[in-house]
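What follows is a short report on a single structure.
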Amino acid sequence: MTPAARVQAAIEILDRVVAAARDNGPPADRIVTEYFRTRRFAGSKDRRAVRELAYRAIRACGPVPETGRAAMLRLARDDAALLSLFDGSRHAPGPPADGEPVADAGIAPRWLAARLAKSGIGGAEAAALLERAPLDVRVNTLREAVADLPEGAEKTVAPHGWRYPPETRIEQSEAFAAGAIEVQDTGSQLACLAVGAQPGEAVIDLCAGAGGKTLALAAAMAGTGTLLACDTDRARLSRLAPRAARAGATMIETLLLDPGRERVALAGWRERADAVLIDAPCSGTGTWRRNPEARWRLDDSRLGRFADVQARLLEIGAELVRPGGRLVYVTCSLLDEEGPDRIAAFLAASEGWRAEPPALPAGRDRGDGIRLTPAHDGTDGFFIARLTRV
Ligand SMILES: C[S@@+](CC[C@H](N)C(=O)[O-])C[C@H]1O[C@@H](n2cnc3c(N)ncnc32)[C@H](O)[C@@H]1O
């Protein structure tokens, strides 16, 4: 593909990303994969270049752009070489017309940028939300003897964490195939550390998804004790078993929950868990480095629904903790309404709980918990609170 044809391809992808943001369609990475499935002529260098261009344009636009072309023109405003490729030649985008719409720059749609600012995320903190994320891995202590760590890593602050440059193809390494390493952001590793899971304990991962954090808990527990992974999403939860097998985490049990009837399925666990992790569904404002188009999918009512689910999950999780046990609440959001405000409301409404923010090697206090941010900690954005049942 010529450089100009790559720009046109990125514009076509952006059109699909914009439509998907409006209609709750697939995420950008799936759109990119789909786009190339029917365009076999594009080589791997073309694909990488087109993908990179599309993501740069997504990051450059604050509000949802009108079209893919308007998004690309925003990027081209500050990039003369890119603008020169709008030349109307074969497979190239046509030259910009006078008065043609150009998307607005910014961190996020205005209302959302204002919410973040109210939560103390503005300026450099906000800009860092859109930087390219590094590639972090966690050495799986259940399997670490099986294969060497691939070269090129730097140690992170997480006890078993290492960092690679973003373009590293870690999934092709022997260590990955052998289950000796897991791809996991440092912030996510620290959220698991906050649980303080010990060998032999009974631990519940209430929102386990495909088990990213469950596997870290299993390693912290040295593969012993009881570890129950729950979720309401059958497809996600079903991805856990093969991952657990690869990681050598044989003690994990899974439990598919029926939304609204979680308490029924978990009745036998009341007041039995040493620790419950609630990695709650949230807006994901802390993970825009990886999914920058996610900021175009939020609105006020969606945020309100997240807050309701978070409050409910806190109540459900709290009932499972034994006296003296820990309840750890995590969101990958930097909005106070999904973090400190939820914990403050829970503590105000519930007796017998004490906030005990975990001692982590990164982060800053925020409300009754700890906040991690890309700018301050080099991690995805997280809020992590630990409560003890007294
Ligand atoms: C942030 S994700 C979890 C990510 C996962 N812990 C990991 O580390 O990869 C939140 C999860 O909560 C699940 N969820 C939503 N509502 C739930 C509910 N009522 N009970 C349990 N899980 C729920 C979603 O299906 C989603 O997988």
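The values are calculated or read from the model by the stated rules, or taken from the named source; none is laboratory data. Model, not experiment: these values are computed from the prediction. All Cβ positions, even for glycine, are placed from backbone atoms using ideal geometry, and neighbour counts span all protein chains on display.
Annotations for the structure displayed:
- Checking each residue in the stretch 177-197 for being of a type outside the set (S, T, N, Q) and within 10 Å of the ligand (Cβ to nearest atom) picks out ASP185, ALA191, CYS192.
- Within the stretch 150-174, being touching a residue at least 12 places away in the same chain (Cβ under 8 Å) and either in contact with a Cys (Cβ under 7 Å, 6 or more places away or on another chain) or farther than 30 Å from SER283 by Cα (or both) holds for PRO150, GLY152, ALA153, SER173, GLU174.
- Beta carbons closer than 6 Å, at least 6 apart along the sequence or on distinct chains, never pair a first residue in the stretch 306-326 that is farther than 17 Å from GLU262 by Cβ and in contact (Cβ under 8 Å) with a residue 24 or more places away in the chain with a second that is within 11 Å of the ligand (Cβ to nearest atom) and not small (Gly, Ala, Ser).
- Long-range neighbours under 7 Å by Cβ, at least six apart or interchain, first residue more than 10 Å from the ligand (Cβ to nearest atom) within the stretch 248-267, second in a loop (DSSP other than H, G, I, E, B) and among the β-branched types (Val, Ile, Thr): MET251/THR224
- Matching option when the condition is closer than 16 Å to ASN291 by Cα, at pLDDT 95 or above and surrounded by 18 or more Cβ atoms within 10 Å (Cβ to Cβ), among ALA60, ALA76: ALA60
- Residue list for the stretch 218-271, restricted to those being within 18 Å of VAL309 (Cβ to Cβ) and acidic (Asp, Glu): ASP231, ASP233, ASP258, GLU262
Okay, residues lined up against (1) in contact with a Lys or Arg (Cβ under 8 Å, 6 or more places away or on another chain); (2) basic (Lys, Arg):
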{"site": "ILE11", "(1), (2)": "yes, no"}
{"site": "ASP23", "(1), (2)": "no, no"}
{"site": "ALA42", "(1), (2)": "no, no"}
{"site": "ARG47", "(1), (2)": "no, yes"}
{"site": "ARG74", "(1), (2)": "no, yes"}
{"site": "ALA80", "(1), (2)": "no, no"}
{"site": "ARG90", "(1), (2)": "no, yes"}
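- Residues satisfying the stated conditions in the stretch 198-207, i.e. assigned to a loop (DSSP other than H, G, I, E, B), crowded, with 20+ Cβ neighbours inside 10 Å and more than 12 Å from the ligand (Cβ to nearest atom): GLU201
- Residue count for the stretch 137-149, restricted to those that are free of Cβ contacts under 8 Å to residues at least 60 places away in the same chain and under 12 Å from GLY161 (Cα atoms): 3.
- The condition (being over 20 Å from ARG312 (Cβ atoms) and either in contact with a Pro (Cβ under 9 Å, 6 or more places away or on another chain) or within 9 Å of the ligand (Cβ to nearest atom) (or both)) is satisfied by just one residue among ALA241, ALA210: ALA210.
- Residue in the stretch 175-191 that is of a type in the set (Ser, Thr, Tyr), over 17 Å from LEU327 (Cα atoms) and assigned to a loop (DSSP other than H, G, I, E, B) present: no
- Test for PRO358: is it modelled with pLDDT under 95, buried (at least 18 other Cβ atoms within 10 Å of the Cβ) and under 18 Å from GLN189 (Cβ atoms): yes
- All positions within the stretch 216-235 that are among the polar types (S, T, N, Q), within 14 Å of the ligand (Cβ to nearest atom) and more than 16 Å from LEU206 (Cα to Cα): none
- Residue match in the stretch 209-226 (condition: buried (at least 20 other Cβ atoms within 10 Å of the Cβ) and in contact with a Gly (Cβ under 6 Å, 6 or more places away or on another chain)): no
- Filtering the stretch 18-65 to residues that are without any contact (Cβ under 8 Å) to a residue 12 or more places away in the chain, closer than 27 Å to LEU298 by Cα and outside any helix (DSSP H, G or I) leaves GLY25, PRO26.
- Sole exception among (1) loosely packed, with under 14 Cβ neighbours inside 10 Å; (2) touching a residue at least 60 places away in the same chain (Cβ under 8 Å); (3) hydroxyl-bearing (Ser, Thr, Tyr) for SER119, by number: (1)
- Considering LEU135, LEU142, the condition of being surrounded by fewer than 23 Cβ atoms within 10 Å (Cβ to Cβ), touching a Gly at 6+ places or on another chain (Cβ under 9 Å), farther than 30 Å from ASP341 by Cα and not small (Gly, Ala, Ser) is satisfied by LEU142 alone.
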